[in-house]
Structure formats: C-alpha cells, structure tokens
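The values are calculated or read from the model by the stated rules, or taken from the named source; none is laboratory data. Values in this document were obtained by computation on a predicted structure and should not be read as measured data. As a convention, Cβ positions derive from the backbone with ideal geometry for all residues, glycine included, and neighbour counts pool all protein chains shown. To get the accessible areas, we keep the full protein, side chains included, count just its heavy atoms, and leave off ligands, DNA and RNA. Shrake-Rupley method; radii C 1.70, N 1.55, O 1.52, S 1.80 Å.
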Amino acid sequence: MNHSVKKMPKSHPTTPAASAPSTPTAVSLFSGCGGFCEGIESAGVEIRVAVELDKFACETYRHNFPRTPLFEGDVHGFLAEGTSHVIDYRLHNVDIVFGGPPCQGFSQIGQRRIDDERNELYKQYTRVVDTLRPRVFLMENVPNLALMNKGYFKKLILEEFAGLGYSNATMLLLSADDFGVPQTRQRVIFVGTRDEDAFPYDLNSFCETVLEGYRVEKAVTVSEAIGDLPAEVVHSGEITEYPKVSKPSAYMKDMRLDYNGARYSKSMKKLRGLGKASMALHNHHTKEIQARRAHLISLLQPGMKANSLPKEIWDGKRPEKWRRLHPDLPSHTILAQMHRDMSEWIHPSLNRWITVREAARLQSFHDGFVFVGSEWQQLKQIGNAVPPLLGYALGKLSQQILSVIDGGSLVENPDHSLKVQKELLVPA
C-alpha cells in the first residue's frame, strides 16, 4: 500500500510541522439511532452533541453512545435564544455539522408537495449552521430532492446556504453500495464550506476525487453480508450464541465481533451496546409468518417478485408486495416501512423475513451495535438510518476538506488507497 503524501500548492499556507492535527469536532442533527454518527465517529471525528426527537431512537442511541451528549427534543429548541447549549456542549469553533432532515416530504413514496410541513426542517438545519458557523457541513437526503419540481428544493437550499456565507456548496449523488454497503441505496449529500475559508478547489470535483478513493471495486452481496448468520431465529428481546464461521468474507470481518475488519476493529465494536454479553448475537429475531405466506414465498426464486408467481397463486396486483433478496447481489433499499410489512425483504434462501440483525448488516451496522425497544421500533430505526459505512466515507471526506483549509496535506488512509491526484483537482 502506498502511503505517500500529496502536497498542496506552495502558495497555500502550511501548518507548522511541530503542530499535531487536532481531532475534528462535530454536531449531529436528526441523529436517529446513530447510523451517521457511527460512521462519522469511526472516521475519527469527535461528536460533541447529537440531537434527536424520537424517544425510541434516543433509547438505542444512548445504549450505543453512552459517552456522547444527547439533546432529546425538538430541533427547534436546540440553540434557541436564551439557552446555554453552546457552552454546555462545548460548541465554540465546531468543525462539522452533519445530519439528514426527515425526508418523507421529498420521498418518491410521499405526496411530494412543496408546502409539505416536513420539508421545513431543512431550515432548522440551516439555522444551526448559521448559528455555529462550522467549517464544513454535510446534509443528507433522498435523491428525489434533486428532481422534485425541476430541482426547486436543490436550488432553494443552495441559495439559502449561500445567503449564510456558504456559497461554496455542492450536491453529490451517491450510492451506498459504492462504499461497501451491501445495499443499492441512493442519497444526495449537500456539502459546503465557509466563504471566509477560501477553499482553493472546485468543491464538487474535489469531493468526487476524494470519495473515489473510498469506493469499493465490487459491491458487497447479500450472502457476503449475512451468510454467516444462523437460520434459526429467537424471540424479540432474546440473544443467542454467537455463530462460528470458517471462511468469513471481508465484509463479515468488519461486521463480526471476533474479527478485526478494514474499518472496525474488535475493540471499536465492543465499545457500543453489547454490555456484559460481549460475544452474543443480538437482535436476531423477526416478525412471525403465517403458514399461507410461508408457502407463497417458498415459490419465489432468489431475486424474484410476486409477478413471477403463477396466476393461481398471485392476482398480479402490487408486484413489489413479495420480494426475495438475491444472494449474489446487494440488497434493494432497506426502508423504515419494514416495521409494518416485511414482505419485500424475504431471506434469500429461507422461507422467512430477514431478521433485525440481518437488516442491520445490510445497512452496515456491525454486530456490536445493539438495537433496543420493540421489534417494530428497531426495524423503523434501521430503515431510517444513514448507513454507517457511507457516513464513514463522508467523515473521511470532511477531514480532507478540513486539512486543505488548514493548509495541510492529503494523506492516504492505510485502510484505503486514496486516489487523489493534484492534476484532477480543479482550482476554484
């Protein structure tokens, strides 16, 4: 592995050699159960505070991030006039603000109305950015945001950031499977820097170039992600013996408690919510299935939907209603609606729905991350989360942006070949 350092142009101020780089600090908004936080923190960023309203998601967050301060409440109250949050959470000169405002109002399965009250929450995100003035922001949302009403919301958001002094902002369209997540999940990420920091490159080309170094050569498949997990499931709230594996995939090594992976070490995984049961399998339970449904899904071949079934079995309506995962492909998108109906997430070889742990693996949550509360809430939290490995890549991107702002160098990560070439970086 080549660990060479890419030097920045001499005209850019350099950091004195004697000064060690400090750990970047961040604020997490709309944190959910902590998927984005898991990725950002594992990338080497200190999270000063997380903000989340949903009490059930907060239970899982606290269970896995006991040392991270959590503001449990409406984002409108965070940094509100008269509060001491900046002092309480040590938010002076914070480096990064990140998070994904709830996206139901933008989603393709929603009504997609401009005046949907849920779409107002991005303004709360910009309010926090305006208050804290981070050097970098990351805002995640669904791809439909870029397409809705001929890019209306994209234009509106970029204009609002520009008005706040973040005219150097861009929108990236990313697919989670490109970054090692075994799932075809597309998202848009707004990235921006403060105008006064005079970032010297075209931000969009810089981000794309840096992220290229964190893309995987081959997408992780469902079997590579969950093939080591037991066929037998337990009841909700129970744990089971940790499964053995003879030839784990590289992805399994990242997920499993008994291996060091490329991004997660054994010690990192055990810092989360395992508690005393440090070598047990948590959350390997799923919804019950009626005999009639079990028979129906037994007729589905890997990767097939209801429209592949004989007419006497299925009436032809709603072909997405039944869908078996293909073992040799990434999963289709894991959605929060799993908590109501699991029929789109059928195990690739067994006649049952996937378990909470299998859904977590397909979202790139390692086995040390434990979900608490009802099974209904656990599935909802997983579906709503930003995949941690996508967050990891974005955390590394943020650090590269900060390094350039500080006049430093682009340093290749020992776990990933950072294919950054100066000639590919376009001056601003």
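Some notes on this structure:
- Qualifying residue in segment 279-289 (condition: within 25 Å of E59 (Cα to Cα), within 20 Å of the chain's Cα centre (by Cα) and either in contact (Cβ under 8 Å) with a residue 24 or more places away in the chain or not in a loop (DSSP other than H, G, I, E, B) (or both)): yes
- S349 vs. criteria crowded, with 20+ Cβ neighbours inside 10 Å and assigned to a loop (DSSP other than H, G, I, E, B): no
- The lone exception for S249 - which of (1) farther than 23 Å from Q377 by Cα; (2) open to solvent by 50 Å² or more (accessible area, probe 1.4 Å) it fails: (2)
- Conditions (1) out of contact with any Pro (no Cβ under 7 Å at 6 or more places or on another chain); (2) surrounded by 16 or more Cβ atoms within 10 Å (Cβ to Cβ); (3) among the aliphatic types (A, V, I, L, M); (4) closer than 30 Å to H284 by Cα: number failed by A176: (1)
- In segment 34-49, the count of residues that are buried (at least 23 other Cβ atoms within 10 Å of the Cβ), touching a residue at least 40 places away in the same chain (Cβ under 8 Å) and of a type in the set (D, E, K, R) is one or more.
- Output for segment 220-236, where each listed residue is open to solvent by 30 Å² or more (accessible area, probe 1.4 Å) and in contact with a helix residue (DSSP H, G or I) (Cβ under 8 Å, 6 or more places away or on another chain): E224, G227, S236
- Condition check for R48: under 16 Å from V129 (Cβ atoms) and of a type in the set (D, E, K, R): yes
- Among (1) closer than 30 Å to V210 by Cβ; (2) crowded, with 24+ Cβ neighbours inside 10 Å, the one test that T333 misses: (2)
- Looking only at residues in segment 248-268 that are modelled with pLDDT of 95 or more and in a helix (DSSP H, G or I), the one that is farthest from V372 (Cα to Cα) is A250.
- The residues in segment 1-52 that are of a type in the set (D, E, K, R) and either within 15 Å of the chain's Cα centre (by Cα) or at pLDDT 95 or above (or both) can be counted, and the count is 5.
- Residue in segment 193-213 that is out of contact with any Asp or Glu (no Cβ under 9 Å at 6 or more places or on another chain) and among the basic types (K, R) present: yes
- The set of residues from segment 135-157 being open to solvent by 10 Å² or more (accessible area, probe 1.4 Å), under 22 Å from the mean Cα position of the chain (by Cα) and not small (G, A, S) comprises R135, E140, V142, P143, N144, L147, K154.
- Residue check, V191 open to solvent by 20 Å² or more (accessible area, probe 1.4 Å), aliphatic (A, V, I, L, M) and touching a Ser or Thr at 6+ places or on another chain (Cβ under 8 Å): no
- Candidate set from segment 281-297 (those that are among the aliphatic types (A, V, I, L, M) and at pLDDT below 95); member that is surrounded by the fewest Cβ atoms within 10 Å (Cβ to Cβ): A291
- The one condition from (1) open to solvent by 50 Å² or more (accessible area, probe 1.4 Å); (2) over 23 Å from M252 (Cβ atoms); (3) in a loop (DSSP other than H, G, I, E, B) that S343 does not meet is (1).
- Residue in segment 317-330 that is without any contact (Cβ under 8 Å) to a residue 40 or more places away in the chain, acidic (D, E), under 15 Å from E344 (Cα atoms) and open to solvent by 50 Å² or more (accessible area, probe 1.4 Å) present: yes
Here is a yes/no grid of residues against (1) at pLDDT 60 or above; (2) part of a helix (DSSP H, G or I); (3) open to solvent by 30 Å² or more (accessible area, probe 1.4 Å):
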residue	(1), (2), (3)
V386	yes, no, no
L390	yes, yes, no
A393	yes, yes, no
Q399	yes, yes, yes
G408	yes, no, no
L418	no, no, no
